[in-house]
1. Restrict the check to region 33-40 and report whether at least one residue is under 29 Å from Arg123 (Cα atoms), open to solvent by 80 Å² or more (accessible area, probe 1.4 Å), at pLDDT below 95 and in a loop (DSSP other than H, G, I, E, B).
2. Could you grab the pairs with beta carbons closer than 7 Å, sequence gap of 6+ or different chains, first residue in region 1-29 and modelled with pLDDT of 90 or more and surrounded by fewer than 17 Cβ atoms within 10 Å (Cβ to Cβ), second one assigned to a loop (DSSP other than H, G, I, E, B) and of a type in the set (Phe, Trp, Tyr)?
3. Taking region 187-199 only, how many residues are surrounded by 14 or more Cβ atoms within 10 Å (Cβ to Cβ) and farther than 14 Å from Ser145 by Cβ?
4. Of the residues that sit in region 128-139 and are open to solvent by less than 10 Å² (accessible area, probe 1.4 Å) and under 14 Å from the mean Cα position of the chain (by Cα), which one is farthest from Cys8 (Cα to Cα)?
5. So, in region 133-191, how many residues would count as being of a type in the set (S, T, N, Q) and closer than 17 Å to Ala61 by Cβ?
6. When you check Gly125 against the structure, is it more than 27 Å from Val190 (Cα to Cα), among the small types (Gly, Ala, Ser) and crowded, with 18+ Cβ neighbours inside 10 Å, yes or no?
7. Inside region 144-247, counting only helices (runs of 4 or more DSSP H) that do not spill past its ends, which hold 3 or more residues that are touching a strand residue (DSSP E or B) at 6+ places or on another chain (Cβ under 9 Å), modelled with pLDDT under 95 and closer than 30 Å to Ser24 by Cβ?
8. Taking Gly113 as meeting all but one of (1) farther than 20 Å from Ala246 by Cβ; (2) over 19 Å from the mean Cα position of the chain (by Cα), write down the number of the exception.
Amino acid sequence: MTDEYESCLVSRLSRFVTLTEAESAFVMEMERDEHPFRRGRIVVDVGDLTEGIMVLKTGWAVVKADSSDGRSQILRVYLPGEVMGIAELGATHANHRITMQTDGKVCPFPRNGLAPLYSDYPRLGALLTGLSSLDQIALRHHAGSLGAMDAANRLKFWLLQLRSRLEVANVGLGNRFRVPFSQVEIGQAVGLTSIYVNKLLRRFVEDGDIEIERPYVRLLKRHDWEKDCEFVNAYHTMDTSWFPPAI
């Protein structure tokens with residue numbers, strides 16, 4: 001396997017179990033049909049047929065929704081090695097738009113190709129299901145932060161969650177990680193204006209909480225932030241006790 005491959009989906013999955021050769025080969029098959037996408041390009045648009053899932057092999061992507069007054073909201077951020085489209089497997093058409101946040105590679109995998117997960121690789125299927133459940137928990141935590149926290153803690157929580165998710169994929173470097181978003185886009189993700197985001201980031205820097213070397217951010221007081229936000233890392237552990245044995 002190449003280093004590029006190791007930094008992708010297999011690396012994320014291997015954080016929770018040691019994949020067999022057969023399981024790794026199936027994951028490689030999921031990533032075989034790769035397509036390059038430039039930043040800003042739409043991967044899936046509202047109303048498109050949902051034909052399966054997509055592995056985000058490299059790059060970042062976002063799920064966006066537009067309101068009637070023209071404003072955009074970022075509902076979800078996808079990171080390298082994450083699987084897009086699992087939540088839409090039960091729908092025939094896409095309900096939201098997925099756009100590339102950076103240049104990257106997307107690997108579509110047809111819906112009917114997923115059948116072997118449950119017949120031939122049941123442990124791998126259970127792992128993807130378990131990981132999807134952790135993603136849903138993280139999304140709920142984010143939604144809760146938007147409704148219950150003040151502006152400063154909302155932004156802190158969003159950065160903490162990005163860091164924890166990047167760590168799972170082994171593409172983060174401790175407390176220093178890439179944040180390829182403008183202040184307008186950060187505001188779209190946390191429900192703040194770009195002016196307020198700018199004000200908060202400057203305050204965090206002045207208070208010695210973070211360092212910014214665009215597009216990188218370093219959290220200098222991560223543990224203090226986690227206490228302030230009562231942050232729970234949804235990806236810290238996964239219950240694998242119910243997984244079927246590898247075949």
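The values are calculated or read from the model by the stated rules, or taken from the named source; none is laboratory data. All values reported here derive from a predicted model rather than from experimental measurement. Note that each Cβ is placed from the backbone with ideal geometry, even for glycine, and that neighbours are counted across all protein chains shown. Keep in mind that these areas ignore ligands, DNA and RNA; they rest on the heavy atoms of the full protein, side chains included. Shrake-Rupley method; radii C 1.70, N 1.55, O 1.52, S 1.80 Å.
1. Taking every residue of region 33-40 in turn, none turns out to be under 29 Å from Arg123 (Cα atoms), open to solvent by 80 Å² or more (accessible area, probe 1.4 Å), at pLDDT below 95 and in a loop (DSSP other than H, G, I, E, B).
2. Between residues of region 1-29 that are modelled with pLDDT of 90 or more and surrounded by fewer than 17 Cβ atoms within 10 Å (Cβ to Cβ) and residues that are assigned to a loop (DSSP other than H, G, I, E, B) and of a type in the set (Phe, Trp, Tyr), the close pairs are Ala22/Tyr121.
3. Going through region 187-199 one residue at a time, the tally reaches 7.
4. Initially, region 128-139 is screened for residues open to solvent by less than 10 Å² (accessible area, probe 1.4 Å), giving 130-131, 138.
With the extra rule that they be under 14 Å from the mean Cα position of the chain (by Cα), the set shrinks to 131, 138.
Values: Leu131: 14, Ala138: 20 Å.
If we take residues in region 128-139 being open to solvent by less than 10 Å² (accessible area, probe 1.4 Å) and under 14 Å from the mean Cα position of the chain (by Cα), then Ala138 is farthest from Cys8 (Cα to Cα).
5. Taking region 133-191 as the starting set, the residues that turn out to be of a type in the set (S, T, N, Q) are 133, 136, 145, 153, 161, 164, 170, 175, 182-183, 188.
When the remaining residues are screened for being closer than 17 Å to Ala61 by Cβ, the result is 161, 182, 188.
Total meeting the criteria: 3.
6. It is true that Gly125 is more than 27 Å from Val190 (Cα to Cα), among the small types (Gly, Ala, Ser) and crowded, with 18+ Cβ neighbours inside 10 Å.
7. Ranges flagged: 151-168.
8. Every condition holds for Gly113 apart from (1).
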